[in-house]
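The values are calculated or read from the model by the stated rules, or taken from the named source; none is laboratory data. Computed from a predicted model, the values in this text were never measured in an experiment. Positions of Cβ are generated from backbone atoms using ideal geometry, with glycine treated the same way; all protein chains shown enter the neighbour counts. Just so you know, the surface numbers come from the protein's heavy atoms only, side chains and all, with ligands and any DNA or RNA stripped out. Shrake-Rupley method; radii C 1.70, N 1.55, O 1.52, S 1.80 Å.
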Amino acid sequence: MKTIELVGYGHPDRFADYISEKILVENLKQDPKAKVAAEVMVTRNIVFLGGEIYSKAKIDYKKLVYEAIEKIYGNKWWPNYQNVRIINDIKAQSPELIKIQQEEIVAADQGVIYGFYNQKRYERIIMLYQIIDSLQKKFPIAPDWKLLFNQELKELSISVCGVKAKVHPNINLFLKQQFLKYNLKINVIVNPKGEWLIGGPLSDTGLTGRKLMIDTFGAGVSHGGGAFCGKDFSKVDKTGVLIASKLAYKIAQQKKVKTVLVELNYKIGDKIPKVIVRTYKKNKMFEFNYNYDLSLNDWIKEANILEVDWSEIVLKGGVIFYLKDILK
């Protein structure tokens, strides 16, 4: 877990995640009991909306998508985006799945989910996003960027879109100076393959969930099989990551260890998961079962996650930016 990988909010996959979460948020605003599983594919000329939704909400999805494009790219980074075709193939969710949610929220599907806690890694991810925020204020880079940060090698490799090669040395120097503010002397490599001037959906297709490792813990950490974005809170791929990570934090404090990985196992219809905990100390792993007794429905109420704008969490950088507040 030495290397962190991150991408910008204008990366096509991150943008697809953003639209998926906007669909979730807008449905929940009008119908708190909405059941949402929204999938998005973004290309140069088409934005395709799919998935299954059960909701009383009335939403203009075409308007939602155009507003999202304007917010993230505008005409500067996606010229003539007003001509992009929106295909809406969202269908009703299965009545069999809806039926099991009538009395209280339970697991809408089976799933193996992981939560993770390591304070240093959390801090490093947040630090990297803060440094990139400063970079975007200083230089006219596109919102599409990607980086690898290796703490052990003290190296950052970053590719930024939208600036000429002659600007790369200035970006390199700026980033080194930003790391020094955190008392880190880091070797910086900017655009190792040269200029990158066309980014976003004009150069790459985006899909919901394709950056699920990055959107949780920056890659390198165990992850369940399911994507996070565009799902309501009966979908344990989403809620389970939050539950397990908060539990990992709690166990780290109790056991006085720096790194904890929590595995949740849900069957469809489960209220409470089976829990396996792995702690790490002096390069040794310790595994044990954990008796967790808070139901999915009760946890959602306790954590107040229905009040969170999850689309904004995606723009900030993913799960870490929700967890950093609840773990204080």
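With a 10 Å radius around each residue's Cβ, average the other Cβ atoms per peptide and rank 90-99, 218-227, highest first.
Working: 90-99: 12.7, 218-227: 18.2.
The peptides rank, most packed first, as 218-227, 90-99.
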Next on the checklist: If I model a spin label as a point 7 Å beyond the Cα along the Cα-Cβ vector, how far apart are those points for Arg44 and Lys29 in nm?
Outcome noted: 3.3 nm
Checklist entry - Just Ala57, Ala34, Ala142 to compare: in a GNM of the chain, with alpha carbon springs under 10 Å, which one fluctuates most? => result Ala57
Checklist outcome for this item: Computed over region 193-328, the relative contact order (Cα-Cα under 8 Å, seq sep at least six) in percent reads 19 percent
Checklist entry - Can you give the extra length, in nm with one decimal, that the chain gains between Asp60 and Ile100 once fully stretched, where that is 0.36 nm per residue apart less the Cα-Cα distance? => result 11.5 nm
Checklist entry - aspartates and glutamates within cross-link reach of Lys274: Cα-Cα under 12 Å, excluding same-chain residues under 8 positions apart? => result Glu263, Asp293
Next on the checklist: Order Phe174, Phe116 by their accessible area, 1.4 angstrom probe, all chains in place, largest first.
Outcome noted: Phe174, Phe116
Checklist entry - What relative contact order, as a whole-number percentage, does the chain give when Cα pairs under 8 Å and 6 or more residues apart are counted? => result 27 percent
Checklist outcome for this item: With only helices counted (DSSP H, runs n ≥ 4, each -39500 (n - 2.57)), the per-residue ellipticity at 222 nm for the chain, to the nearest 500, works out to -11000 deg cm²/dmol
Checklist entry - Based on the Cβ-Cβ distance from Lys166 to Lys316, what FRET efficiency comes out when R0 is 51 Å, to the nearest 0.05? => result 0.95
Checklist outcome for this item: Note: the chain, point scatterers on Cα, Debye, no solvent; log10 I/I(0) at q = 0.11, 0.16 Å⁻¹ equals -0.74, -1.35
Checklist entry - Which entries in Lys235/Lys281; Lys154/Lys246; Lys238/Lys281; Lys154/Lys281; Lys71/Lys316; Lys62/Lys91 show an alpha-carbon gap greater than 25 Å? => result Lys235/Lys281; Lys154/Lys246; Lys238/Lys281
Next on the checklist: Could you order the peptides 125-138, 285-298 from most to least packed, using the average number of other C-beta atoms within 10 Å per residue?
Outcome noted: 125-138, 285-298
Item to check | Set of aspartates and glutamates with alpha-carbon distance to Lys22 below 13 Å, sequence-local pairs under 8 removed | outcome: Glu39, Asp60, Glu67, Asp232, Asp309, Glu312
Next on the checklist: Going Cα to Cα from Lys76, which lysines come in below 20 Å? Please leave out same-chain ones fewer than 8 positions away.
Outcome noted: Lys63, Lys137, Lys138, Lys146, Lys164
Checklist entry - Separation between the Lys284 and Lys138 pseudo-spin-labels, each 7 Å from Cα along Cα→Cβ, expressed in nm? => result 4.5 nm
